[in-house]
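Visitor: Sharing a structure here in structure tokens format.
The values are calculated or read from the model by the stated rules, or taken from the named source; none is laboratory data. Since the structure is predicted, the reported quantities are computational estimates derived from the model, not experimental observations. Cβ sites come from the backbone with ideal geometry, for glycine too, and all protein chains shown count toward neighbours.
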């Protein structure tokens, strides 16, 4: 039976780079909301020798995710999921950002958790934004609600966003959603560990991708310069890490958030004393 690796957000950036690094004995399923972008990614990957299925999917839509799971299972045994679908503060309002980054992660993880093969792996993409707010600004007390009632979790978060100044709500939603992703991956890892399934997250720093370029200002580069390496990362640097964790020999790594940020968080904390 063929091994299947699913990559959400696989049409561009670090997720497309990750697909390039997955061994060619995997059947790749790449997803995204933009059909044209997926078509280009599929053509590129097939030219490199990969077997690829491109599936349009909005991860915030549970029905779309269920169809994605059905498609993946029809191609073979699902052994790896790289969940990189996400949006940045420049791409929509607070509720939209949270719906894709946080609720979309729940949708993808919960659906694939039911079919993932023993020894399989889910890697969720978080962000250094999840480390950038003071601890008291993250609504940790609400996170466990997501495990029992995601819609109630979303409703409570929407109430918080409605009380946040509009000019701050987008970044706040992004930071909280990515902090939640890292927290949630650990909880799922605990739940699935007895099955031999690994779940972890990766928090990239500033990576030179179309999403970062879409921000359209110099703030991302300024943030990158604060890191120990003093530069942006590349899509290939993150992609190779994601593929290694999900499909490589790193089979004892789980229940952890891995910072791949060029030393930004360490540099920031050092500067703060």
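Visitor: Quick check on this structure: which one of 98, 112 is more than 30 Å from residue 227 (Cα to Cα) and part of a helix (DSSP H, G or I)?
Guide: Sole residue among the options that is more than 30 Å from residue 227 (Cα to Cα) and part of a helix (DSSP H, G or I): 112.
Visitor: Taking residue 158, is it over 18 Å from the mean Cα position of the chain (by Cα) and either surrounded by fewer than 12 Cβ atoms within 10 Å (Cβ to Cβ) or over 20 Å from residue 89 (Cα atoms) (or both)?
Guide: Judged against the criteria, residue 158 is not a match.
Visitor: Which of the residues that make up the stretch 89-116 are more than 17 Å from the chain's Cα centre (by Cα) and without any contact (Cβ under 8 Å) to a residue 60 or more places away in the chain?
Guide: Listed by number, the residues that qualify are 114, 115.
Visitor: Limited to the stretch 174-198, what total is found for residues that are closer than 28 Å to residue 37 by Cα and either modelled with pLDDT under 95 or not in a helix (DSSP H, G or I) (or both)?
Guide: Result for the stretch 174-198: 0.
Visitor: What is the one condition in (1) in contact with a helix residue (DSSP H, G or I) (Cβ under 6 Å, 6 or more places away or on another chain); (2) in a helix (DSSP H, G or I) that residue 55 does not satisfy?
Guide: (2)
Visitor: Ok, one more. Please work out which one of (1) in contact (Cβ under 8 Å) with a residue 60 or more places away in the chain; (2) part of a loop (DSSP other than H, G, I, E, B); (3) surrounded by fewer than 24 Cβ atoms within 10 Å (Cβ to Cβ) is the condition residue 20 fails and give its number.
Guide: Here residue 20 clears every test but (2).
Visitor: One residue is enough: does the stretch 36-49 have a residue meeting the conditions in contact (Cβ under 8 Å) with a residue 24 or more places away in the chain, at positive phi and more than 17 Å from the chain's Cα centre (by Cα)?
Guide: Yes: one or more hits.
Visitor: Consider the stretch 128-161. How many of its residues are assigned to a helix (DSSP H, G or I), under 22 Å from residue 86 (Cβ atoms) and either touching a helix residue (DSSP H, G or I) at 6+ places or on another chain (Cβ under 9 Å) or touching a residue at least 24 places away in the same chain (Cβ under 8 Å) (or both)?
Guide: Residues meeting the conditions: 19.
Visitor: Do the conditions hold for residue 235, that is, is it at pLDDT 95 or above, crowded, with 17+ Cβ neighbours inside 10 Å and over 15 Å from residue 132 (Cα atoms)?
Guide: Answer is yes for this residue.
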